[in-house]
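Have a look at the structure below before the remarks.
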Amino acid sequence: MDNTLLVVIIVILALGFDFINGFHDTANAIATSVSTRALKPRVAILLAAVMNLVGALLYTGVAKTIGGKVTDPFKLEHGLTVVIATLIAAIIWNLITWWRGIPSSSSHALIGALAGAAVTSEGWDGINVGGFSTIVIGLLLSPIIAFILGYIIMFLLKHLFARTSPHQVNKGFRTGQILTAALQSFTHGTNDAQKAMGIITLALVSAGWQDHLEVPLWVKISAALAMALGTSVGGWKIIKTMGTKIFKIEPINGFSADASSAAVIFTATLTHLPVSTTHAITSSILGVGAAKRFSSVRWDMAGRIIMTWIITIPISALIAAAIYAVLSLFH
């Protein structure tokens, strides 16, 4: 098949992935502010869309990591087929988890799928072990750090405002949640939108259209807009899970969770590491809930979410491997 047609297909799929990522992960960024009524749902979604767009346009370090650290685009013999299989598999898993209302990780889905397709194409030589290991370690550590940070912030705020009336505390932190929701959405854009940019850039290198991993301006703009449009749709099923099914969130809890997870995500962006915004936000909510009252957290729901995290990379890898095997018949 002609390279130009394959690249066009990849761009469409990548922007589709970014669009789905927008409504799949938007819920993570605004769930707490919606559940505490700090923001009306439509206002929250509009705020998230705008801040996602701004964040996506300002950073590209994560895109270079996705484009060159999981696999080497300069060595892939059938790189375009690998990318197509990767995107189809990641989209399938995202839609399954969205339909089930489970806050799964788009990052895990994409990275697992890329690894699965690359190994099927090139054998184990298709993986950059060092780069892939660094990314996986970052994905594993970020939720642990987010949990601890959420616990610490909530613990400190709980004791700091112990003698303040609950009404005053809720009123003040409900206003503060507007700021943290905006910050959360901005950091989501700085990290998650980069993943589609990196995949498109990988495809451009594999097609021989460019010899470097710098992200072209048109890729930045199109990926940022796709995510912002997806964000504007919203993900109500996941908002319900994040905002109500883990524990009853009050404004001070939402503020603590958003602030801690935004700090983790933005730190990862500055170090060019792709992390799961879903994992960071969910883990921070769990940490905040544990600090508020350990028994108030629905640990059965938390366990279900964590199980989805564990299986996402291997299942996405297997789906991508199967899709690549089918597509390779047409080489």
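Conditions: (1) crowded, with 17+ Cβ neighbours inside 10 Å; (2) in a loop (DSSP other than H, G, I, E, B). GLY176 meets all but one. Number of the miss?
It fails just one condition, (2).
Check whether at least one residue in the stretch 192-215 is among the polar types (S, T, N, Q), touching a residue at least 60 places away in the same chain (Cβ under 8 Å) and over 22 Å from PHE74 (Cα atoms), and report yes or no.
No: zero hits.
Pairs please, first residue from the stretch 102-119 and in contact (Cβ under 8 Å) with a residue 60 or more places away in the chain, second anywhere and outside any helix (DSSP H, G or I) and of a type in the set (Gly, Ala, Ser), Cβ atoms under 7 Å, 6+ apart in sequence or on different chains.
SER105/SER276; SER107/SER276; HIS108/SER276
What residue, of GLY131, GLY150, GLY123, GLY138, is loosely packed, with under 12 Cβ neighbours inside 10 Å and either at positive phi or in contact (Cβ under 8 Å) with a residue 60 or more places away in the chain (or both)?
Sole residue among the options that is loosely packed, with under 12 Cβ neighbours inside 10 Å and either at positive phi or in contact (Cβ under 8 Å) with a residue 60 or more places away in the chain (or both): GLY123.
Can you say whether LEU273 is touching a residue at least 60 places away in the same chain (Cβ under 8 Å) and under 21 Å from GLU250 (Cβ atoms), as far as the supplied structure shows?
Judged against the criteria, LEU273 is not a match.
Could you check how many residues of the stretch 125-144 are assigned to a helix (DSSP H, G or I) and in contact with a Lys or Arg (Cβ under 9 Å, 6 or more places away or on another chain)?
7
Could you list all residues from the stretch 222-266 that are among the β-branched types (Val, Ile, Thr) and at pLDDT below 90?
Listed by number, the residues that qualify are THR231, VAL233, ILE238, ILE239, THR241, THR244, ILE246, ILE249.
Which members of the stretch 145-166 meet the condition of being in a helix (DSSP H, G or I) and either closer than 19 Å to ALA109 by Cα or small (Gly, Ala, Ser) (or both)?
ALA146, GLY150
The values are calculated or read from the model by the stated rules, or taken from the named source; none is laboratory data. Small disclaimer: the values here were computed from a predicted structure and weren't measured. A quick note on method: Cβ atoms are made from the backbone with ideal geometry, for glycine too, and the neighbour counts reach across all protein chains shown.
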